[in-house]
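Just below is one structure, and these are the notes that go with it.
Just so it is clear, none of the values below were taken in a lab; they were calculated from the coordinates. In this text the structure is predicted, and so the values were computed from the model without any measurement. Neighbour counts are summed over all protein chains in view; Cβ atoms, including those assigned to glycine, are modelled from backbone coordinates with ideal geometry.
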Amino acid sequence: MEIEFASPFGEEYEALLPRYRKIAEEAFRLLEVPSDYEIDVSLVDEERIREINRDYRGKDSVTDVISFAFDEGEDPVSESYLPGATQMLGEILICLPRAKEQALEIGNSLGRELCFLFCHGLLHLLGFDHMEEEEAKKMFAMQEKVLEVLGGDYGTY
């Protein structure tokens, strides 16, 4: 598995990479998905996430996380899957200022919020959604199950 990480906010956020890798490995293990995928993750500012949200989702507002699946709507292990070859699963964009606000609002550490948002975005890439109540229950239960792998090691930011 490859995770490409980009952040214009400072080197301290690169410490998220090992946690994101653990989260992805656990999600793939629990969902029995092969782990030979690449995931691009970027921390972005409010202006950038608002622009993406407006241009791609038709919502002119700041959001916390946006995911773009490479093969939108396909099962991660579909006919286009090539065993043994690293393939792009998708891209996850996390709005750092919004994550900071949410962490304060709900009493999370910023580290936990950033791990939660990565996990949330990853599950979207793996086909989960939360548009319907039943889907939301499944997705949020899986998020908590996946995040257990960190055992509270969210880092401090």
- Item | Candidate lysines - alpha carbon under 20 Å from K145, same-chain residues fewer than 8 apart omitted | K22, K137
- Query: Between segment 95-118 and segment 1-72, how many Å separate their Cα centres?
  - Reply: 14
- Pick from A15, A69, A27: which residue has the top mean-square fluctuation in a GNM of the chain where Cα pairs under 10 Å get a spring? A15
- Message: If each DSSP helix of 4+ residues adds -39,500 (n - 2.57) and the sum is divided by the residues in the chain, what number results at 222 nm, nearest 500 deg cm²/dmol?
- Response: -14500 deg cm²/dmol
- Note on the structure: Rounded to one decimal in nm, the spacing of the 7 Å Cα→Cβ label points at E14 and T63 is 3.0
- Note on the structure: Two pseudo-spin positions, 7 Å from Cα along C-beta at D129 and at M88, lie apart in nanometres by 2.3
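For segment 103-145, which chymotrypsin sites (Phe, Trp or Tyr not before Pro) pass both filters: DSSP loop (anything but H, G, I, E, B) and at most 16 other C-beta atoms within 10 Å?
Sites meeting the loop and neighbour criteria: none at all.
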- Message: Just want the ordering: V149, V44, from fewest to most Cβ atoms lying within 10 Å of their own Cβ.
- Response: V149, V44
